[in-house]
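*Asks:* Right, I'll just put the structure down here and ask away after.
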Amino acid sequence: MVSYKQLGLVNTREMFAKAVAGGYAIPAFNFNNMEQLQAIIQASAETKSPVILQVSKGARKYANATLLRYMAEGAVEYAKELGWEKPQIVLHLDHGDTFETCKSCIDSGFSSVMIDGSSLPYEENIALTKKVVEYAHQFDVTVEAELGVLAGVEDEVSAAESHYTKPEEVIDFATRSGCDSLAISIGTSHGAYKFTPEQCTRDPKTGKLVPPPLAFSVLHEVEAKLPGFPIVLHGSSSVPQEEVDTINAHGGKLPDAVGIPEEQLREAAKSAVCKINIDSDSRLAMTAAIRKHFDENPGHFDPRQYLTPARDNMKKMYMHKIVNVLGSNGKAE
Ligand SMILES: [Zn+2]
């Protein structure tokens, strides 16, 4: 058993309370390799932003659970080396599917876990979440739960259709499960194809898809029922069109990839939404830089040659999100 406190990590309790009160949101960036982690830590250290390092079950499988845990420990030390005296870094399990997965993460140094019982019947979701909460709270680990179903594909999580969270259920769910934060469904979705062309309108000038707006009415109803309670948005990449265009201009094929417009995320960050999950934008930033590099430098084969611009491009994206979308810069001085 390793406590996250020994690793220099923090749980989400205090940072969420501050974020809700301060009208900003904490970035939750997924990672599964060294370059992503370096870029996240560099961006967070430079902007002094609290940050949530997110690991999905698929990422644990890809990178190895032991290695990822030590990478997070290394991230804290790296942040200090970069001049961030008191780094506020959370290591969080994204979409934990069973009690056992959550327990294994808690036992190996995670400071926060998500138990995703959203596909279960309501009462079973409460029972499973409660079981995880009871275990996690013994070690001061915070727990995110989910109510409502998000569409799209994210590692091993997938659903064809989304179902908005029912505001009338949130008080009962939060009270009985004891969760520390709640992911709700208001129209965001996983992956780089968040909406089908049929769900969108098309900008006549650019030919690009314009996605339907998020269901802010649901969010506001949830906020009214649970004042000050930390709300989480999954699937909140914006799918920057310049990255998609770069990918497509250099041999890629991502037709009609579309995300959540940043102005809507900015609005959400000012509300009780205190954690915004971003994964696809990092994948796109990395892929765009690598494709461009290979196209322009066909003779290169040293991974450092193409991973350096990839890392720089991800860092730029992370800093942009922190400063211009979430407003978390300077909140962890
Ligand atoms: Zn998710």
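*Asks:* From the list Gln42, Gln54, which residue is surrounded by fewer than 23 Cβ atoms within 10 Å (Cβ to Cβ) and not acidic (Asp, Glu)?
*Replies:* Gln42
*Asks:* Here is a follow-up. Taking Val76, is it modelled with pLDDT of 95 or more and either more than 29 Å from Ala192 (Cβ to Cβ) or of a type in the set (Phe, Trp, Tyr) (or both)?
*Replies:* Answer is yes for this residue.
*Asks:* I'd like to know if the range 189-206 contains one or more residues that are without any contact (Cβ under 8 Å) to a residue 60 or more places away in the chain, of a type in the set (Val, Ile, Thr) and over 30 Å from Lys292 (Cα atoms).
*Replies:* Scanning the range 189-206 turns up no residue that is without any contact (Cβ under 8 Å) to a residue 60 or more places away in the chain, of a type in the set (Val, Ile, Thr) and over 30 Å from Lys292 (Cα atoms).
*Asks:* Right, next: Which of (1) under 21 Å from Lys166 (Cα atoms); (2) free of Cβ contacts under 8 Å to residues at least 60 places away in the same chain; (3) more than 16 Å from the ligand (Cβ to nearest atom); (4) crowded, with 19+ Cβ neighbours inside 10 Å does Ala215 not meet, given it meets every other one?
*Replies:* (4)
*Asks:* For the range 158-172, check the following and say yes or no: at least one residue is buried (at least 23 other Cβ atoms within 10 Å of the Cβ) and within 15 Å of the ligand (Cβ to nearest atom).
*Replies:* yes
*Asks:* To continue, here is another question. Name the residue that is nearest to Asn33 (Cα to Cα), counting only residues in the range 286-307 that are surrounded by 13 or more Cβ atoms within 10 Å (Cβ to Cβ) and of a type in the set (Lys, Arg).
*Replies:* Arg291
The values are calculated or read from the model by the stated rules, or taken from the named source; none is laboratory data. Just so it is clear, the structure is predicted and the values come from calculations on it, not from any experiment. Positions of Cβ are backbone-derived with ideal geometry, glycine not excepted, and every protein chain shown enters the neighbour counts.
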